[in-house]
Amino acid sequence: MEQEKTTINSPLKSDPVTWVEQYADYLYRFAFSRLRDEEIARDLVQDTFLAALQQVSKFEGKSSEKTWLTGILKNKVADFYRRQASKGITAIRSAETEQQNFFDSDNGHWNAKHAPQAFGLDDDNPLLLKELGGILNGCLKKLPALWFSVFSMKHMDDFASEKICIELKLTDANFWVIMHRTKLNLRACLQKHWN
């Protein structure tokens with residue numbers, strides 16, 4: 001009897017009434033940094049709140065509300081990546097064509113025109129770092145959807161390569177080719193736009 005009384009009087013593990021006020025901005029920034037689209041980020045945050053509301057009775061309080069909601073949002077973002085991956089085949093072929101001449105076909109070395117160059121970046125200058133960040137975001141926007149999905153899941157979300165392959169239905173070889181081509185394209189774009 002005593003035990004039942006404690007459970008009845010125990011505080012709620014999650015309070016949906018406070019979610020928007022407490023977590024909406026954080027979740028939006030999280031989604032936007034991975035999706036590059038304000039409208040889609042807002043939609044996924046709303047979907048996250050809706051899914052959490054439907055599952056609130058299953059929230060056990062083993063993690064904070066913020067961590068739980070972020071986990072739901074990560075799944076929503078992964079679902080978005082999967083949908084984009086299935087649409088992105090023609091954009092990938094176009095991007096592959098753009099980089100065909102990066103290497104010499106005879107010896108496999110960089111062509112002089114595309115060889116890596118030093119950025120000349122002063123790590124202590126916050127204005128330069130901010131400018132480089134803006135250029136990098138612009139370069140990320142130019143990537144095909146599948147490439148961006150793979151890159152952001154690996155380098156922003158810290159997913160294991162195996163999990164990315166499972167989530168996006170890629171072979172191990174496809175994953176590494178996409179990562180390689182993404183890095184080549186980002187490097188070329190950064191060198192082109194960074195003076």
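Quick note: the coordinates plus some simple rules give every number you see, no bench work behind them. On a predicted model such as this, the values are computed, not experimentally measured, just so you know. Counting neighbours? That spans all protein chains shown, and the Cβs are built from the backbone with ideal geometry, glycine included.
Projected label points at HIS193 and HIS155, each 7 Å from Cα along the beta carbon direction, are separated by 1.3 nanometres.
Using C-alpha pairs under 8 Å with a sequence gap of at least 6, the mean separation divided by the residue count of segment 2-83 gives a relative contact order of 35 percent. For the residue pairs LYS76/LYS142; LYS76/LYS130; LYS130/LYS192, the alpha carbons lie more than 25 Å apart in LYS76/LYS130.
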